[in-house]
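Novice: Below are the structure tokens for one structure; questions will follow.
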Amino acid sequence: MKDSTPRPRDLDLTRLVSQIGKLSKQIAELKEVIRKSQVKELPDVIMNSDEAAEYLRISRKQLDLIKQKREIPFHKRAKCIWYRKSDIDEWLRSFRVSF
């Protein structure tokens, strides 16, 4: 006759599989919470020439010279000139010197 009572090892394995299933579900729930709570990227800051010069801590005249040489990224529509902060930050990073 075969004994039908589960062995202790079988119980541990069954419990382990059950716990893995529960953990998988909890991980999926946590991923969803994290996804929903992530901070949305802020819209890019748009600056006029005066604001861009102030941000760069240079004079408006210096900014105009850099712009005329097409050294700094800017946008132009009709007579309006504007700068994106992210473009300026990237432009500044291009001058980074590593030691």
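None of the figures in this text is laboratory data; all of them are computed from the coordinates on show. Note that the coordinates shown come from a computational prediction; the quantities given were computed from them, not determined experimentally. Positions of Cβ are backbone-derived with ideal geometry, glycine not excepted, and every protein chain shown enters the neighbour counts.
Novice: Between ASP87 and GLN26, with labels modelled 7 Å along Cα→Cβ, what's the label distance in nm to one decimal, could you check?
Specialist: 5.0
Novice: So, with +1 on the Cβ of K and R and -1 on the Cβ of D and E, and no other charges, what is the size of the charge dipole of segment 46-93 about its Cα centre, to the nearest 20 debye?
Specialist: It comes to approximately 220 debye.
Novice: If you don't mind, another one. By the gyration tensor of its Cα atoms, with a ≥ b ≥ c the square roots of the eigenvalues, what is the shape of segment 46-93: rounded for a/c under 1.5, prolate for a/b over b/c, or oblate?
Specialist: Because its axes are fairly even, with a/c under 1.5, segment 46-93 counts as rounded.
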